[in-house]
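What follows draws every value from the coordinates through simple rules; no lab data is involved. Since the model is a prediction, treat every value here as computed from it, not as a measurement. Note: ideal-geometry Cβ built from the backbone for every residue, glycine included; neighbour counts use all protein chains shown.
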Amino acid sequence: MSATNRWLAALLVLLVVLAVLGGALVRRTHQDRRDARAAQERYAAVLAAANAEATAFVNLRYDRAEQTVGAVAAGATGSFRADYTSASGHVIRVLQRHQSSMLGHVVWSGVVQLDPSSATVIVATTGTVANDRTGGRPVNRSYRLRLSLVARDDRWLTSNVQFVGGTS
């Protein structure tokens with residue numbers, strides 16, 4: 001084999017090795033992108049579920065008590081759901097007796113912890129509360145909530161809600 005043929009053979013081997021490495025890198029890059037997209041979609045789904053549950057939690061009306069209490073239960077699971085639904089009759093009676101309305105919305109939220117089956121989200125809300133104690137006048141209220149969520153049947157459901165810090 002001549003020196004030229006050896007160089008050509010070496011060059012051909014080098015090109016094959018580079019092509020294989022390039023193909024492996026392209027495949028790895030595509031897998032990394034798929035993984036990143038799945039993580040972003042999970043993150044977005046967790047935030048959407050937490051924001052929806054927090055919104056339901058801070059929007060309770062005496063004139064639609066069963067509907068508004070039901071909205072919280074619909075996004076809940078486990079012992080939180082069981083405890084909430086068992087107390088819902090009392091909550092509805094208190095709302096109606098005091099003609100209470102709490103109207104609010106999420107100001108910001110952030111994921112504190114996230115894995116494929118659970119998440120923790122901190123949510124800040126603001127809104128108003130009006131009842132017979134406020135003379136029916138809306139009074140500003142802000143709440144910070146810590147929501148624990150779990151993945152169930154392709155949905156993120158709230159397994160616990162805690163108030164964080166004080167209210168204002």
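Sketch the reach of a paramagnetic label on L103 as a point 7 Å from Cα along Cα-to-Cβ, and name the residues of the range 127-168 whose backbone nitrogen lies under 18 Å away.
Once the point is set 7 Å along Cα→Cβ of L103, 127-143 turn out to lie under 18 Å by backbone N, inside the range 127-168.
How far apart, in nanometres, would the label points at F163 and A52 be if each is projected 7 angstrom from Cα along the Cα-to-Cβ direction?
Computed distance between label sites F163 and A52 equals 2.6 nm.
Listing T128, T29 from the residue with the fewest other Cβ atoms within 10 Å to the one with the most, what is the order?
T29, T128
Of V150, V16, V106, how do they rank once you tally other Cβ atoms within 10 Å and put the fewest first?
Listing V150, V16, V106 from fewest to most nearby Cβ atoms yields V16, V150, V106.
Just going by the charge dipole of the range 18-130, with Lys and Arg at +1 and Asp and Glu at -1 on Cβ, which of A124, L95, V46 is farthest out on the positive end?
Positive-most Cα among the choices belongs to V46.
So what's the net charge close to I122: Lys and Arg +1, Asp and Glu -1, counting the other residues with Cβ under 12 Å from its Cβ?
Net charge around I122: +2.
Could you give each residue of the range 30-47 its phi-based ³J(HN,Hα) in whole Hz, using Karplus coefficients 6.51, -1.76, 1.60 with θ = phi - 60°, and x for Gly or Pro?
My calculation for the range 30-47 gives 5, 5, 4, 5, 4, 5, 5, 5, 5, 5, 5, 5, 5, 4, 5, 5, 5, 4 Hz in order.
Convert each backbone phi in the range 75-87 into a coupling constant with the Karplus relation 6.51 cos²θ - 1.76 cosθ + 1.60 (shift: θ = phi - 60°), then list the ³J(HN,Hα) values in order as whole Hz, x for Gly and Pro.
Per residue, the Karplus-derived 3J(HN,Hα) values read x, 10, 8, x, 5, 4, 5, 4, 5, 5, 5, 5, 8 Hz.
Which whole-number percent is the relative contact order of the chain (Cα, under 8 Å, 6+ apart)?
Rounded, it is 19 percent for the chain.
Using a Gaussian network model of the chain with C-alpha springs under 10 Å, which one of V13, V91, V129 is most mobile by mean-square fluctuation?
V13
Of A73, V58, L149, whose Cα points farthest to the positive end of the dipole of the range 50-163 (charges on the beta-carbon: +1 Lys, Arg; -1 Asp, Glu; origin at the Cα centre)?
Toward the positive end, the furthest listed residue is V58.
Restrict the search to the range 1-107; then list the chymotrypsin sites (Phe, Trp or Tyr not before Pro) that DSSP places in a loop and that have at most 12 other Cβ atoms within 10 Å of their Cβ.
Hits after loop and neighbour filter: nothing returned.
Can you give the angle from 0 to 90° between the axis of helix 65-74 and the longest principal axis of the chain, with both taken from C-alpha atoms, to the nearest 10?
Result, in degrees: 20.
If the chain between T85 and T128 were fully stretched, how many nm would it gain, using 0.36 nm times the residue separation less the Cα-Cα distance?
13.1 nm
In the neighborhood of A73, defined by Cβ-to-Cβ distances under 12 Å, what is the net charge if each Lys or Arg adds +1 and each Asp or Glu adds -1?
-2
5 Å is the cut-off here: which amide hydrogens, built 1.01 Å from N in the peptide plane, fall below it relative to S100, excluding neighbours closer than 5 in sequence?
Amide H to amide H, under 5 Å and 5 or more residues apart or across chains, S100 pairs with Y62.
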